[in-house]
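Undergrad: Sharing a structure with you now.
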Amino acid sequence: QSNPSFHPPSDASKPLVMIAASSGVSPFMAFIQERCANKNAGETILLWSIPYIKEGMHILKDLEHMLERAPGGDKISIFINITRESTSPVFIDGKFTLVSRPCQRVTEYIERNVNLRRRLHDLLVPE
């Protein structure tokens, strides 16, 4: 049964920011798929935290496939925090950003990622 309080905005042109840990990204995959199909969808940001990159590879492949064919895919950004291993910053077709040092807290990740911080500020702070 669908939870009435857990849905993306009914107006798809509004921005959407999602924060998920590990397999908690699953429901957001449907939101992203819906936004990919809508060329008028607003900016969409997913901040996803996983312990090891190998745990997220199948989901990353699904997301990459979704975004590459999508009319609304250009407004979707995915930021990935790997919490238990160090990685170099990686950009996959400009869509996925991996942080270079593990972060244990979302606030720490946002603080380290200047691009994400600016985009969240632009979306969430009224002019």
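The values are calculated or read from the model by the stated rules, or taken from the named source; none is laboratory data. Worth saying up front: this structure is predicted, and the values here are computed from it rather than measured. Neighbour counts run over all protein chains shown; Cβ positions are idealised from the backbone, glycine included. What goes into the accessible areas is simple: the full protein's heavy atoms, side chains included, and nothing from ligands, DNA or RNA. Shrake-Rupley method; radii C 1.70, N 1.55, O 1.52, S 1.80 Å.
Undergrad: Which of the residues that make up the stretch 36-63 are part of a strand (DSSP E or B), hydroxyl-bearing (S, T, Y) and free of Cβ contacts under 8 Å to residues at least 40 places away in the same chain?
TA: Listed by number, the list holds a single entry, T44.
Undergrad: Right, next: Filter the stretch 64-84 for residues that are in a helix (DSSP H, G or I) and either of a type in the set (A, V, I, L, M, F, W, C) or open to solvent by 20 Å² or more (accessible area, probe 1.4 Å) (or both); which is nearest to A30 (Cα to Cα)?
TA: My answer is M66.
Undergrad: Another one. Output the residue which, of all residues in the stretch 1-45 that are surrounded by 14 or more Cβ atoms within 10 Å (Cβ to Cβ) and charged (D, E, K, R), is nearest to the chain's Cα centre (by Cα).
TA: E43
Undergrad: Name the pairs: first residue in the stretch 1-16 and within 18 Å of N40 (Cβ to Cβ), second residue assigned to a loop (DSSP other than H, G, I, E, B) and open to solvent by 100 Å² or more (accessible area, probe 1.4 Å), Cβ to Cβ under 6 Å, at least 6 apart or on different chains?
TA: Qualifying pairs under 6 Å: S13/N40.
Undergrad: Filter the stretch 26-40 for residues that are within 13 Å of R69 (Cα to Cα) and either in contact with a Phe, Trp or Tyr (Cβ under 7 Å, 6 or more places away or on another chain) or of a type outside the set (D, E) (or both) and give the result.
TA: I32, Q33, R35, C36, A37, N38, K39 - these are the residues of the stretch 26-40 that are within 13 Å of R69 (Cα to Cα) and either in contact with a Phe, Trp or Tyr (Cβ under 7 Å, 6 or more places away or on another chain) or of a type outside the set (D, E) (or both).
Undergrad: Run E55 past the list (1) open to solvent by 70 Å² or more (accessible area, probe 1.4 Å); (2) touching a strand residue (DSSP E or B) at 6+ places or on another chain (Cβ under 6 Å) and report the number of the one that doesn't hold.
TA: Unmet for E55, out of (1) open to solvent by 70 Å² or more (accessible area, probe 1.4 Å); (2) touching a strand residue (DSSP E or B) at 6+ places or on another chain (Cβ under 6 Å): (2).
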